[in-house]
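A.B. asks: Pasting a structure here, questions to come.
The values are calculated or read from the model by the stated rules, or taken from the named source; none is laboratory data. Since the model is a prediction, treat every value here as computed from it, not as a measurement. Here the Cβ positions follow ideal geometry from the backbone for every residue, glycine too, while neighbour counts run over all protein chains shown. These accessible areas exclude ligands, DNA and RNA; they are computed on the full protein's heavy atoms, side chains included. Shrake-Rupley method; radii C 1.70, N 1.55, O 1.52, S 1.80 Å.
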Amino acid sequence: MIGKHKDTDYYLIVNPHSGGDKSKQQIVKDFEDAAGRLGARLTVYYTKAKGDAIDYIRRVCKDSTDNKTLRFYGIGGDGTVNELVNGAYGFADVEIGIIPAGTGNDFIRNFGSRDLFLNAEAQIAGQSRPCDLIKYSAQLGDKREDGLCANMFNIGLDCNIVITTEKVKNVPFIGGSLAYLIAVAINIIKKAGVNVRIEYEDGQVADGSILLVSIANGCFCGGGIKGLPLSKTDDGLFDISKINDVSRLDFIRLFPLYKKGTHLDNKLIKNKNILTYKQGERLKVTTNGQAFGLCVDGQVTTCESISFNMIPKAINFIIP
C-alpha cells in the first residue's frame, strides 16, 4: 500500500470548535492508525481561530515544491468545508475532504452517508471528483467581503433560522436536525422575511418582500432539509429558490414536503405562486432598505448587496 500513497501528502485539520472533544480525539486516532496501515504520510494540524485553516492550507500549498498531490481533510461541519475550499482554491494538485463533526454536515449529504465519511481508511483511499464553487462579493457600506461557497447561501427566513439554531443547539441534549426544527418553529411564529431586489441573469427582476431566497450548489441545509432538490455540485449552475410570503398555515402544511425535497410539483405551491425556482451562473441581490443577514455555508454575515458567480469544476472533493 505504500506505493499507492508515495506521491501524496495528507493533512488532517482539526477544528476544535466543532463537535465534542472526545469524538474529535477518536477521529484523529482512527485517521492516524489508518494512515499507518496504508503507508500514508499524515500531518495533523489544530486550528487556532476562525480562518486559520485557510491560512494554513495556503502556506502549505505555497511551500510545496515537490509536485506531490496535497490532500487536506477537515474535521468539522459545513463551516470547515468553507474554510477548506477558500484555502485550497487556485492551487493545482490539491484535494479536500471532510470528516463530519459539525451541526448540519449538509455538504456531504450530496455524496453519501455520514458513516461512510467517518471511515478513515475509506477517506484515505477515496477518489476525488471536481466540484463547482460559488464566488460571492458582498457589500456593507464601504466594507467589501469576497469569498467562495461550497454548499449554500441563505437570505431571509432560512438565515434567521440559522441564527436561532446556533442559540438553540447550546441547550443540553439538543443539536443537529432537532435544533434546526425548533428554530424553524420559533421563526414561523415571527415569520420574518426580507425586502430585497433580486436580479436574475435572464433579465427578470423580483422586487419586494419575500420569505426567503436560497442560492445553492448542494441540495441540503439545516441538517438534512432538501430545500433545493435539483441542485448538483458539478453541473456548472447554482440553483435559486425564492419563496414568497405565505401564511403560517400554508408554511406548516408545506414544510414536510420542503424538508423531503418533494415540494416543487405541489399544486398548492403552483396555484398560489409561492415558489420561483431557477438555475443560473450569475445573480445579484440588493436590499430595499435595511442591511440583511447572509448565511454562507452556515456562517452568518451582514450585507446590503451581494453578487454571485459560478465557478465550474473549481475544487477536487474527496469521496470515500
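A.B. asks: Sorting check: for 7-14, 64-71, which peptide has the highest mean count of neighbouring beta carbons within 10 Å, and how do the rest follow?
C.D. replies: Numbers: 7-14: 19.8, 64-71: 13.5.
Answer by packing, highest mean first, reads 7-14, 64-71.
A.B. asks: Please work out whether the range 14-127 counts as rounded, prolate or oblate from its C-alpha gyration tensor, where a ≥ b ≥ c are the square roots of the eigenvalues and a/c under 1.5 means rounded, while otherwise a/b larger than b/c means prolate and anything else oblate? Kindly include the intermediate steps, with their values, before the conclusion.
C.D. replies: On the way: a/c = 1.43, a/b = 1.17, b/c = 1.22.
In terms of gyration-tensor shape, rounded.
A.B. asks: Report Rg/Rh for the chain, rounded to two decimals, where Rg is the Cα radius of gyration and Rh the Kirkwood radius.
C.D. replies: Values: Rg = 19.9 Å, Rh = 20.2 Å.
That ratio equals 0.98.
A.B. asks: For the modelled label position 7 Å from the Cα of residue 122 along Cα-to-Cβ, which residues of the range 279-320 have backbone nitrogen atoms closer than 20 Å?
C.D. replies: 317-320, by backbone N distance to the label point.
A.B. asks: Then there is this: Using just the Cα positions, wrap the range 260-301 in a convex hull and report its mean projected area in square nanometres, one decimal place.
C.D. replies: Working: hull surface 20.0 nm².
In nm², the orientation-averaged hull projection of the range 260-301 is 5.0.
A.B. asks: Further question on the same structure: How would the range 175-319 be classified by its alpha-carbon gyration tensor: rounded, prolate or oblate, with rounded meaning a/c under 1.5 and the a/b versus b/c comparison settling the rest? Show your work: numbers first, answer last.
C.D. replies: On the way: a/c = 1.34, a/b = 1.14, b/c = 1.18.
Since a/c stays below 1.5, the shape of the range 175-319 is classed as rounded.
A.B. asks: How many nm separate the modelled label positions at residue 146 and residue 270, each set 7 Å beyond the Cα in the direction of the Cβ?
C.D. replies: Rounded to a tenth, the inter-label distance reads 4.3 nm.
A.B. asks: With a point put 7 Å past each Cα toward its Cβ, work out how far residue 195 is from residue 234 in nm, to one decimal.
C.D. replies: 4.5 nm
A.B. asks: Going by the alpha-carbon gyration tensor, a ≥ b ≥ c the square roots of its eigenvalues, is the range 60-219 rounded (a/c under 1.5) or, if a/c is not under 1.5, prolate (a/b greater than b/c) versus oblate? Don't skip to the end; give the middle numbers.
C.D. replies: Working: a/c = 2.31, a/b = 1.36, b/c = 1.69.
Oblate is the answer for the range 60-219, as a/c is 1.5 or above yet b/c matches or exceeds a/b.
A.B. asks: Compute the accessible area per residue over the chain, keeping the other protein chains in place, probe 1.4 Å, unit Å².
C.D. replies: On the way: 14530 Å² over 320 residues.
On a per-residue basis, the chain sits at 45 Å².
A.B. asks: Taking R0 as 56 Å, what's the FRET efficiency between residue 8 and residue 249 from their Cβ-Cβ distance, rounded to 0.05?
C.D. replies: Numbers: r = 55 Å, r/R0 = 0.98.
Once rounded, the FRET efficiency stands at 0.55.
A.B. asks: Springs between alpha-carbon atoms under 10 Å, Gaussian network over the chain: tell me which of 162, 196, 246 tops the mean-square fluctuations.
C.D. replies: Answer for the Gaussian network model of the chain: 246.
A.B. asks: Sorting 235, 55 by accessible area (1.4 Å probe), largest first, what list results? Don't skip to the answer; put the middle values down first.
C.D. replies: Numbers: 235 55, 55 75 Å².
From most exposed to least exposed: 55, 235.
A.B. asks: Further, regarding this structure: Sketch the reach of a paramagnetic label on residue 301 as a point 7 Å from Cα along Cα-to-Cβ, and name the residues of the range 180-221 whose backbone nitrogen lies under 17 Å away.
C.D. replies: 215-217
A.B. asks: Also: Subtracting the Cα-Cα distance from 0.36 nm times the residue separation, let me have the gained length for residue 26 to residue 290 in nm, one decimal.
C.D. replies: Values: separation 264, 0.36 × 264 = 95.04 nm, distance 4.54 nm.
Full-extension gain reported as 90.5 nm.
A.B. asks: Continuing with this model, one more query. Any chance you could list P(r) for the range 163-209, counting all Cα-Cα pairs in 5 angstrom bins from zero, rounded to whole %?
C.D. replies: For the range 163-209, the pair-distance distribution reads 5, 20, 18, 12, 11, 11, 12, 7, 2, 1.
A.B. asks: Under the rule that a partner needs its Cβ under 4.7 Å from the first Cβ, which Cys of the chain have none?
C.D. replies: Unpaired cysteines in the chain: 61, 131, 149, 219, 221, 303.
A.B. asks: Now, a different point. Please report Rg (one decimal) and Dmax (integer) in Å for the Cα set of the range 109-156.
C.D. replies: Cα only, the range 109-156: 16.3, 48 Å (Rg, Dmax).
A.B. asks: Working out 0.36 nm times the residue gap between residue 207 and residue 282, then minus their Cα-Cα distance, what length gain in nm do you get to one decimal?
C.D. replies: Values: separation 75, 0.36 × 75 = 27.00 nm, distance 1.71 nm.
This chain segment gains 25.3 nm when fully extended.
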